[in-house]
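Below is one structure, written out as structure tokens; comments come after it.
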Amino acid sequence: MGQPKRWISSSRERQWVEKSAPTAIAGNGAADLTLTEEVFQSVEGFGGCFNELGYVALNGLPEEERQRVLSNLFHPEGEQKFSICRLPIGASDYALEWYSHNETDGDYAMEHFSIERDRKYLIPYIKEALALNPELKLFASPWSPPTWMKSPKAYNYGTLCWEKENLEAYALYFVKFVQAYREEGVTIHQIHVQNEVVADQKFPSCVWTGEQLREFIRDYLGPAFDKHGLDTEIWLGTINAPEPWDEWLKKKTADHDAYAHTVLSDPEAYKYVKGVGYQWAGKWAIQRTALSYPELRYMQTENECGDGTNTWEYAQYVFNLYQHYFTNRVNAYIYWNMVLEPKGRSTWGWEQNSMITADPARKEAIINPEYYVMKHFSHFVTPRSKRIGQRGHWYGNAVSYETPEGGRVIVIANPFKEAKTVRISDGTEMYGFELEPESFNTILF
């Protein structure tokens, strides 16, 4: 593997600091982390979600600062190098207000379908990103169907009305969305059927069962995409279940069996599904799904969002989410709000973290701790990298990769309040890295 050539560290006090890589150390003691020859999943990339409130926050910055933020996020030679991002179909909870692309009651032919509103916020935001990285991949999901298609007829809470005419129309709604964006010069590479299938919330939401997802994909969405010649992938996402207390508190099951396995064990539904998207409580289900269906691709579709205070402690928690999801075979990791105003308050009253705070009073972009967590991965772990094996007592604090060029990247955190010397071996030589307290580190060989 060769000697370590770069070591970058971020701690509470100092972020993204180049450190001197150590020389090999003598001795026969066991390494704390040893890289192995095992090779696992390919990495498709990292990204965030395009939301209306993010675009408003970004536009509050002076133009030079605004362009710097966009370049740092999306340019292939920038800081984050984002390569796959998300957008909502209609309003997310970080839209300025509720909207769908067709609120004309009873319009089953989707004659009044329109993305006119997106031409004001989302499409300009996306096109600025695409101008910096034309290879950027996009996936989209609705938070709620149009209100007239639901019971009760509201954007929040409730479920999709389960009649054939309604289901055919909703499949057409997805087709029209992909086609309309294509006409704008924006390719939608993946559709995820519903954001957070068990979220029954005051913000735009819609509850689905595994059986409903199976039937809709198998009998309506998949055939509609075939009929209209769409090559957009259909993904089973975004699954935010199981909440650990559902079985005993709500007397129901919402685990791998209830969602992913229910859909994917049906061959006629399975043939349409190219991957599975998990977020939030989905972290409890992904291991069983990835072990059961290793041929599919996986994605962490929405980083857990905190409370708007953007603390170092929450960044440490988020690092462990990256470690958990990549160890359990995801191909991509997606942040939620890339940019927000201070406190990150949503239209529906939630305050959430962001990688960057665009402060309209100070007219500047403030870099938050989770920006550095992402950068420790995304800056060096480029698309087509592969996760590689490791062993040792620090396995649970690290993820290792091999890049397309053959270099090796170790991303490792020290969770402790004191410095720790961690001995890392490439299988032949051992090196001692003194990791600063509560730090994130990227080591390049």
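The values are calculated or read from the model by the stated rules, or taken from the named source; none is laboratory data. Bear in mind the structure is a predicted one, so any value in this text is a computation, not a measurement. Here Cβ is always computed from backbone atoms with ideal geometry, including for glycine, and neighbour counts include all displayed protein chains. Ligands, DNA and RNA are excluded from the accessible area calculation, which covers all protein heavy atoms including side chains. Shrake-Rupley method; radii C 1.70, N 1.55, O 1.52, S 1.80 Å.
Of the trypsin sites (Lys or Arg not before Pro) found in segment 174-264, those that fall in a DSSP loop while having at most 15 other beta-carbon atoms within 10 Å are 202, 251, 252. Solvent exposure of the chain amounts to 39 Å² per residue of accessible area, where only protein heavy atoms count and the probe is 1.4 Å. Summarising the amide proton neighbourhood of residue 435: residues at separation of 5 or more, or on other chains, whose placed amide H is nearer than 5 Å comprise 420, 421, 422.
Result for the chain in a Gaussian network model with C-alpha springs under 10 Å: among 29, 185, 349, the largest mean-square fluctuation is at 29.
Based on the Cβ-Cβ distance from residue 248 to residue 287, what FRET efficiency comes out when R0 is 22 Å, to the nearest 0.05?
0.55
Computed about its Cα centre, the charge dipole of the chain is approximately 700 debye, with only Lys, Arg, Asp and Glu carrying charge at their Cβ. Applying the criteria of a DSSP loop state and at most 15 other Cβ atoms within 10 Å to the trypsin sites (Lys or Arg not before Pro) of segment 98-143 yields 120. The apolar share of the surface of the chain, taken as the fraction of accessible area on carbon and sulfur atoms (1.4 Å probe, ligands and nucleic acids excluded), comes to 49 percent.
Helix 63-74 and the long axis of the chain differ in direction by around 80°, with both axes built from C-alpha atoms.
In terms of the Cα gyration tensor, with a ≥ b ≥ c the square roots of its eigenvalues, is the chain rounded because a/c is under 1.5, prolate because a/b exceeds b/c, or oblate? Because a/c hits 1.5 or more and a/b exceeds b/c, the chain counts as prolate. Backbone amide hydrogens, once placed in the peptide plane, bring residue 41 within less than 5 Å of 387, excluding anything fewer than 5 places away on its chain. Coupling constants for segment 152-162 follow from the phi torsions by the Karplus curve (6.51 cos²θ - 1.76 cosθ + 1.60, θ = phi - 60°), and in residue order they are x, 6, 8, 6, 10, 6, x, 9, 6, 5, 9 Hz; glycine and proline get x.
If both residues of a DSSP beta bridge must be in the chain, then about 60% of such bridges are antiparallel.
Looking at segment 88-154, the GluC sites (Glu not before Pro) that sit in a DSSP loop and have at most 16 other Cβ atoms within 10 Å of their own Cβ are 97, 103, 111, 135.
Per-residue HN-Hα couplings for segment 431-445, Karplus 6.51 cos²θ - 1.76 cosθ + 1.60 at θ = phi - 60°, whole Hz, x for Gly and Pro? Along segment 431-445, the couplings run 10, x, 10, 8, 7, 5, x, 6, 10, 10, 9, 10, 10, 10, 10 Hz. What number comes out for the charge environment of residue 61, summing +1 per Lys or Arg and -1 per Asp or Glu over other residues with Cβ under 15 Å away? Its environment carries a net charge of -3. Considering helices alone, the calculated mean residue ellipticity of the chain at 222 nm is -7000 deg cm²/dmol, with DSSP H runs of length four and up weighted by -39500 (n - 2.57) and normalised per residue. Counting charges near residue 150 (Lys, Arg +1; Asp, Glu -1) among other residues having Cβ under 13 Å from its Cβ returns a value of -3.
Exceeding 19 Å between C-alpha atoms, which entries from my cross-link table qualify? They are 81/343; 153/202; 120/363; 127/343; 19/375.
Violating the 19 Å Cα-Cα cut-off are 81/343; 120/363; 127/343.
Across segment 97-104, coupling constants 3J(HN,Hα) worked out from phi with the 6.51/-1.76/1.60 Karplus curve, θ = phi - 60°, read 6, 5, 7, 10, 8, 6, 9, 8 Hz, and Gly and Pro carry x.
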